[in-house]
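All remarks here apply to the structure that follows.
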Amino acid sequence: MKTIGVLAIQGAFREHRKTLEKLGVAVKEVRSREDLEGIHGLIIPGGESTAIGKQLEMNDFGGTITKMACQGFPVFGTCAGMILLSKRIDESNQYSLGLMDTLVKRNAFGRQIASFEADIPIKGLTGNDVRAVFIRAPYVLEAGPQVEILGEYAGKIVFVRQNNLLASAFHPELTDDSRVHQFFLDMVDQYQL
Ligand code: GLN
């Protein structure tokens with residue numbers, strides 16, 4: 001059976017756990033470099049990217065994730081997780097794993113509409129649009145040629161894939177629709193060594 005790790009330092013990790021369990025995979029909460037053993041993919045949840053980044057900076061925790069991801073290990077970042085996966089963060093020199101060839105902007109939708117929901121079409125998913133929950137969400141300002149744009153809202157890039165890496169500006173773990181998680185699990189199967 002597949003085991004998916006959920007980074008459980010801070011933020012919405014319990015909700016990811018529930019969605020993954022509904023899809024029938026084993027879940028392991030990851031709090032240290034040692035916990036990265038024996039998992040087939042990793043989800044980095046939403047929360048506060050600077051707080052999560054501070055923990056990743058210690059004991060080569062983040063460095064180990066980066067090394068694994070460079071060898072094809074699948075990682076999915078949601079919201080703060082998208083920020084942590086990005087090579088470049090607009091107007092910030094905070095810690096990142098430096099993996100996706102993107103420039104992201106934090107809290108990008110502005111204070112007035114900090115949190116909102118929208119139905120957006122996602123490339124590669126069949127059926128209805130996905131209800132996307134945005135909470136002080138980032139978006140992608142620039143994406144390199146290897147980055148596939150899978151979802152946009154109001155002309156802004158909010159869902160991207162780069163080979164074994166996936167990132168959403170919204171929170172797919174906060175609705176009952178598990179298609180986005182299933183999409184990631186299919187990626188995990190694809191990258192199984
Ligand atoms: N605004 C947060 C940050 O910049 C992200 C918000 C979220 O993950 N819901 O880290």
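The values are calculated or read from the model by the stated rules, or taken from the named source; none is laboratory data. Just so we're clear, the structure is a prediction, and the values are computed from it rather than from any experiment. Because the Cβ atoms are built from the backbone with ideal geometry, glycine has one as well, and the counts that use them run over all protein chains shown. We work out accessible area using only protein heavy atoms, side chains counted, and drop any ligands, DNA or RNA first. Shrake-Rupley method; radii C 1.70, N 1.55, O 1.52, S 1.80 Å.
Could you check segment 117-138 and list, in sequence order, the residues that are in a strand (DSSP E or B), aliphatic (A, V, I, L, M) and more than 16 Å from the ligand (Cβ to nearest atom)? Steps first, please.
Residues of segment 117-138 in a strand (DSSP E or B): 117-120, 130-135.
Add one more test, that the residue is aliphatic (A, V, I, L, M), and what stays is 118, 120, 130, 132-133, 135.
Within segment 117-138, Ile120, Val130 qualify.
Close Cβ contacts (under 9 Å, 6 or more residues apart or on different chains) running from residues in segment 20-40 that are over 27 Å from Lys54 (Cβ atoms) to residues that are of a type in the set (Lys, Arg) and surrounded by 14 or more Cβ atoms within 10 Å (Cβ to Cβ) comprise Gly24/Lys2; Val25/Lys2; Ala26/Lys2.
If the requirement is being modelled with pLDDT of 95 or more and either of a type in the set (S, T, N, Q) or surrounded by 14 or more Cβ atoms within 10 Å (Cβ to Cβ) (or both), which of these qualifies: Gln112, Gln94?
On the way: Gln112 fails: modelled with pLDDT of 95 or more.
Result: Gln94 is the single residue among Gln112, Gln94 that is modelled with pLDDT of 95 or more and either of a type in the set (S, T, N, Q) or surrounded by 14 or more Cβ atoms within 10 Å (Cβ to Cβ) (or both).
Being part of a loop (DSSP other than H, G, I, E, B) and open to solvent by less than 20 Å² (accessible area, probe 1.4 Å) is the filter here, so list the residues in segment 139-193 that pass it.
Quick first cut of segment 139-193, residues part of a loop (DSSP other than H, G, I, E, B) only: 144-147, 154-155, 163-164, 169-171, 175-178, 191-193.
Residues satisfying the conditions are Gly144, Val147, Asn164, Ala169, Phe170, His171.
Tell me yes or no: at least one residue of segment 165-179 is of a type in the set (Lys, Arg) and either over 19 Å from Leu42 (Cα atoms) or touching an Asp or Glu at 6+ places or on another chain (Cβ under 7 Å) (or both). No, there is no match, as no residue in segment 165-179 is of a type in the set (Lys, Arg) and either over 19 Å from Leu42 (Cα atoms) or touching an Asp or Glu at 6+ places or on another chain (Cβ under 7 Å) (or both). Beta carbons closer than 6 Å, at least 6 apart along the sequence or on distinct chains, pair a first residue in segment 178-193 that is touching a residue at least 24 places away in the same chain (Cβ under 8 Å) with a second that is assigned to a loop (DSSP other than H, G, I, E, B) and crowded, with 19+ Cβ neighbours inside 10 Å for Met187/Pro74; Val188/His40; Val188/Pro74; Tyr191/Pro74; Tyr191/Asn164.
What are the residues in segment 26-42 that are part of a loop (DSSP other than H, G, I, E, B), open to solvent by less than 50 Å² (accessible area, probe 1.4 Å) and of a type outside the set (S, T, N, Q), if any?
Kept after step one, since they are part of a loop (DSSP other than H, G, I, E, B), are these residues of segment 26-42: 31-32, 37-40.
With open to solvent by less than 50 Å² (accessible area, probe 1.4 Å) added as a condition, the list becomes 32, 39.
The one that is part of a loop (DSSP other than H, G, I, E, B), open to solvent by less than 50 Å² (accessible area, probe 1.4 Å) and of a type outside the set (S, T, N, Q): Ile39.
Against the list (1) away from the ligand (no atom under 16 Å from the Cβ); (2) out of contact with any helix residue (DSSP H, G or I) (no Cβ under 8 Å at 6 or more places or on another chain); (3) in contact (Cβ under 8 Å) with a residue 24 or more places away in the chain; (4) among the basic types (Lys, Arg), the condition Arg17 fails is (3). Within segment 13-22, being surrounded by fewer than 21 Cβ atoms within 10 Å (Cβ to Cβ) and out of contact with any strand residue (DSSP E or B) (no Cβ under 7 Å at 6 or more places or on another chain) holds for Arg14, Glu15, Lys18, Lys22. Hey, does segment 81-89 have a residue that's assigned to a loop (DSSP other than H, G, I, E, B) and open to solvent by 60 Å² or more (accessible area, probe 1.4 Å)? The answer is no, given that none of the residues of segment 81-89 is assigned to a loop (DSSP other than H, G, I, E, B) and open to solvent by 60 Å² or more (accessible area, probe 1.4 Å). Checked against (1) within 22 Å of Ile9 (Cβ to Cβ); (2) within 16 Å of the ligand (Cβ to nearest atom); (3) at pLDDT below 95, Leu84 passes all but condition (3).
Rundown of residues vs (1) open to solvent by 50 Å² or more (accessible area, probe 1.4 Å); (2) more than 16 Å from the ligand (Cβ to nearest atom), yes/no style:
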| residue | (1), (2) |
| --- | --- |
| Gly24 | no, yes |
| Ile44 | no, no |
| Glu48 | yes, no |
| Gln55 | yes, no |
| Asp60 | yes, yes |
| Pro74 | no, yes |
